[in-house]
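Novice: What follows is a single structure, and I will ask about it in a moment.
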Amino acid sequence: MRLVLFGLVLVFLNASCGPPALGDAFTVRLGSWAMLPDEDLRLAYLAVLDERCPKGEICASAGRAIVTMSYALPSAGPAVSFTMDVVKAEGDTFGGYRVDYADLSPSSDFLTLRLSRSAT
């Protein structure tokens, strides 16, 4: 079991030339914020508790990787923190958004997400 927590640094990694938008896969580094300017959305990857089955090992289950995140819609108020299990994140919702894809790097340093608007 590993718990990692870092200070915040603004950064986003995206394969395209501009900032990410809904429907784009984007990667955020542990301790950093990603910005989706078209949505007025800031999303932080704050901490992780990584209990996934190690690569190359045989385990009874895939395990879990609980990430602590924060999102902010600056025009709507302060940031709100939440947790999600990245291993089972598809379909999770927060703040009017839905996680369509989530992948945590083997080192837990990078989290890749793809978001859409939630139906609710």
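The values are calculated or read from the model by the stated rules, or taken from the named source; none is laboratory data. Since we're looking at a predicted model, the values are computed, not measured. Here Cβ is always computed from backbone atoms with ideal geometry, including for glycine, and neighbour counts include all displayed protein chains. Ligands, DNA and RNA are stripped out before the accessible areas are found, and what is left, the full protein with its side chains, is counted by its heavy atoms. Shrake-Rupley method; radii C 1.70, N 1.55, O 1.52, S 1.80 Å.
Novice: Sequence-distant or interchain residues sharing an amide H contact under 5 Å with GLY63, placed H: which?
Specialist: Correct list: CYS53.
Novice: Name the residue farthest towards the positive end of the dipole of the chain from the options PHE94, GLY23, PRO37, assuming +1 on Cβ of Lys and Arg, -1 on Cβ of Asp and Glu, about the Cα centre.
Specialist: Ranked along the dipole, the leading option is PHE94.
Novice: Largest first, how would ILE66, ILE58 line up by accessible area (1.4 Å probe)?
Specialist: Putting ILE66, ILE58 in descending order of accessible area: ILE58, ILE66.
Novice: Here's something else I'd like to know. Have a look at ALA76, THR112, ALA47 and report the one farthest towards the positive end of the charge dipole of the chain, computed about the Cα centre with Cβ charges (Lys/Arg +1, Asp/Glu -1).
Specialist: Sorting the options by dipole projection puts first ALA47.
Novice: Something else about it: Cβ under 12 Å from ALA89's Cβ, ALA89 left aside: what net charge do those residues give with Lys, Arg +1 and Asp, Glu -1?
Specialist: With Lys, Arg at +1 and Asp, Glu at -1, the net is -1.
Novice: Further, regarding this structure: Rounded to the nearest 20 Debye, what is the dipole magnitude of the chain about its Cα centre when Lys and Arg each give +1 and Asp and Glu each give -1 at the C-beta?
Specialist: Approximately 140 debye in magnitude.
Novice: Continuing with the same structure: Diagonalise the Cα gyration tensor of the range 14-119 and give the resulting equivalent ellipsoid semi-axes, square root of 5 times each eigenvalue, largest first, whole Å.
Specialist: 25, 14, 13
Novice: Please list 3J(HN,Hα) in residue order for the range 77-85, calculated via the Karplus relation 6.51 cos²θ - 1.76 cosθ + 1.60 where θ = phi - 60°; whole Hz, with x for glycine and proline.
Specialist: x, x, 5, 10, 8, 7, 10, 8, 8
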